[in-house]
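Data block below; observations after.
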Amino acid sequence: MTNETSFRIAVLPGDGIGIEVIDAALEVLSAAREKSGGFRLNIETLPAGAGHYRDTGVALPGDTLKAAEESDAILLGAMGLPSVRYPDGTEIAPQLDLRFHFNLYAGVRPSMTFANGPGVLADPRSSDIDFVLIRESTEGLFASHGKGVVEDDREARDTLVITRATSERLFDFAFNLARQRKSQGHPGHVTLVDKANVFKSFAFFREIFDERAVSFPDIGSDHLYVDAAALDMVRRPWEFDVLVTENMFGDILSDLAAGLVGGMGFAPSADIGDNNAVFQPAHGTAPDIMGSGKANPVACILSAAMMLDWLGARHDAPGCLRAAQLIKDAVATTISETGMRTADVGGAHNTEDVVWAVVATISGA
């Protein structure tokens, strides 16, 4: 009998197509684990989200949070429904609660094109898009989540917060990621996105970035104002390696990045802290197509691969790293060699078509 490392995975399918893409990711995870060996995943499916709030009055149950605390990683589908809101009109968003609860300060958003895959740019260099945007996920403008004020129906105020402690950890994370990517053939360069020419908070943000850059002399660095970054992400996205920015800027720019490579259905993500991490597709719940089988599962499948990479590096588990690579290679093959396209990119293939193509590629690897 082989000695296998066992990991406890808290799975929160959430709402809408979150449930469908989680099912897809779990099928692919099972195939990759069986093929690579060396580890086991103990899956615990837990309730949370807008639907649960509608039915029970609780969006993130205490038992779910406790199980998440005790897990090795959290895999999340998507949460929120347009028809379900808190009394103040804001969305049901337990994913934000998880970020703050676990202090998941690094929101990691990879963007890459696939050979023969969907894309929106005519320039042939767009086939070389492969960068990571890191969004600080606990501060910035989102620090005001649930805390904004409206005064006498005449003025509303939300406060942006940037702290030295979180910024230092964020920038070290970005430089370490760039160093890791450099070992894999990427440029090894970090670009700070800010608005330091207008706001003191961002001037402070930039000052800390430059201080931390000194500790990584092997990694290049530069700055872009957020408006220029938005322009250059369309004009020359293939030149970027790692970008790091404030929470709200990252929220906006990560969707732009997804649009460059085919849309939100191709946008995996992770929210990572010092001890915990949540992995989820960056897309929403798409209630208009829930239950139709049309959901693109690629983002969730790639998020699951990110989870395996994180577990493998954190726990020195080579089986996880092998399985992650199997998944990434199988997704690339499915997109580039089979011509498979889901409805979000004008195709006729459904969720299960993609899942079985990816599983078949893994099994035949």
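The values are calculated or read from the model by the stated rules, or taken from the named source; none is laboratory data. Keep in mind that this is a model prediction, so the values were computed, not measured. Because the Cβ atoms are built from the backbone with ideal geometry, glycine has one as well, and the counts that use them run over all protein chains shown.
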### Task
Look at the range 317-365 and say how many of its residues are more than 25 Å from residue 17 (Cα to Cα) and at pLDDT below 95.
4
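Just wondering, is there one or more residues in the range 15-25 that are under 14 Å from residue 308 (Cβ atoms) and touching a residue at least 24 places away in the same chain (Cβ under 8 Å)?
Taking the range 15-25 first, the residues under 14 Å from residue 308 (Cβ atoms) are 25.
Cutting the leftovers down to touching a residue at least 24 places away in the same chain (Cβ under 8 Å) gives us 25.
Yes, because at least one residue in the range 15-25 is under 14 Å from residue 308 (Cβ atoms) and touching a residue at least 24 places away in the same chain (Cβ under 8 Å).
Among the residues of the range 114-131, write down those that are part of a loop (DSSP other than H, G, I, E, B) and charged (D, E, K, R). Give the derivation first.
Initially, the range 114-131 is screened for residues part of a loop (DSSP other than H, G, I, E, B), giving 114-123, 129.
Answer for the range 114-131, where residues must be part of a loop (DSSP other than H, G, I, E, B) and charged (D, E, K, R): just 123.
The rows are residues; the columns are (1) surrounded by fewer than 22 Cβ atoms within 10 Å (Cβ to Cβ); (2) more than 21 Å from residue 96 (Cα to Cα).
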| residue | (1), (2) |
| --- | --- |
| 228 | yes, yes |
| 243 | no, yes |
| 251 | yes, no |
| 259 | yes, yes |
| 264 | yes, no |
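Would a scan of the range 177-188 turn up a residue that is within 21 Å of residue 270 (Cβ to Cβ) and either acidic (Asp, Glu) or not assigned by TED's automatic domain parsing to the domain that holds residue 141 (or both)?
Scanning the range 177-188, I find no residue that is within 21 Å of residue 270 (Cβ to Cβ) and either acidic (Asp, Glu) or not assigned by TED's automatic domain parsing to the domain that holds residue 141 (or both), so the answer is no.
Can you tell me which residue in the range 275-306 is surrounded by the fewest Cβ atoms within 10 Å (Cβ to Cβ), limited to those that are small (Gly, Ala, Ser) and assigned to a loop (DSSP other than H, G, I, E, B)?
The initial filter retains those residues of the range 275-306 that are small (Gly, Ala, Ser), namely 277, 282, 284, 286, 291-293, 295, 299, 303-305.
Checking which are assigned to a loop (DSSP other than H, G, I, E, B) leaves us with 282, 284, 286, 291-293, 295.
Values: 282: 24, 284: 18, 286: 21, 291: 11, 292: 13, 293: 15, 295: 32.
Checking each candidate, the answer is 291.
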### Task
Evaluate the following for residue 309: is it assigned by TED's automatic domain parsing to the domain that holds residue 49, within 25 Å of residue 10 (Cα to Cα), among the charged types (D, E, K, R) and assigned to a loop (DSSP other than H, G, I, E, B)?
no
### Task
Just name the residue that is nearest to residue 71 (Cα to Cα) out of those in the range 311-353 that are of a type in the set (A, V, I, L, M) and buried (at least 22 other Cβ atoms within 10 Å of the Cβ).
311
### Message
Being part of a helix (DSSP H, G or I), of a type outside the set (Val, Ile, Thr) and within 21 Å of residue 160 (Cα to Cα) is the filter here; which residues of the range 229-254 pass it?
### Response
229, 230, 247, 248, 249, 250, 251, 253, 254
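Residues in the range 313-321: is at least one in a helix (DSSP H, G or I), within 11 Å of the chain's Cα centre (by Cα) and more than 16 Å from residue 112 (Cβ to Cβ)? Reasoning before the result, please.
As a first pass, look at the range 313-321 and keep what is in a helix (DSSP H, G or I): 313-315, 318-321.
Keeping just the survivors that are within 11 Å of the chain's Cα centre (by Cα) gives none.
Checking the range 313-321: not a single residue is in a helix (DSSP H, G or I), within 11 Å of the chain's Cα centre (by Cα) and more than 16 Å from residue 112 (Cβ to Cβ).
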## Note on the structure
The condition from (1) under 25 Å from residue 341 (Cβ atoms); (2) crowded, with 17+ Cβ neighbours inside 10 Å; (3) hydrophobic (A, V, I, L, M, F, W, C) that residue 84 misses is numbered (1)
### Message
residue 111 - would you say it is of a type outside the set (Phe, Trp, Tyr), closer than 30 Å to residue 347 by Cα and either part of a strand (DSSP E or B) or under 19 Å from the mean Cα position of the chain (by Cα) (or both)?
### Response
yes
### Task
Return only the number of the condition from (1) farther than 19 Å from residue 265 by Cα; (2) of a type in the set (D, E, K, R); (3) surrounded by 17 or more Cβ atoms within 10 Å (Cβ to Cβ) that residue 91 does not satisfy.
(3)
### Message
When you check residue 111 against the structure, is it of a type in the set (Ser, Thr, Tyr) and surrounded by fewer than 23 Cβ atoms within 10 Å (Cβ to Cβ), yes or no?
### Response
no
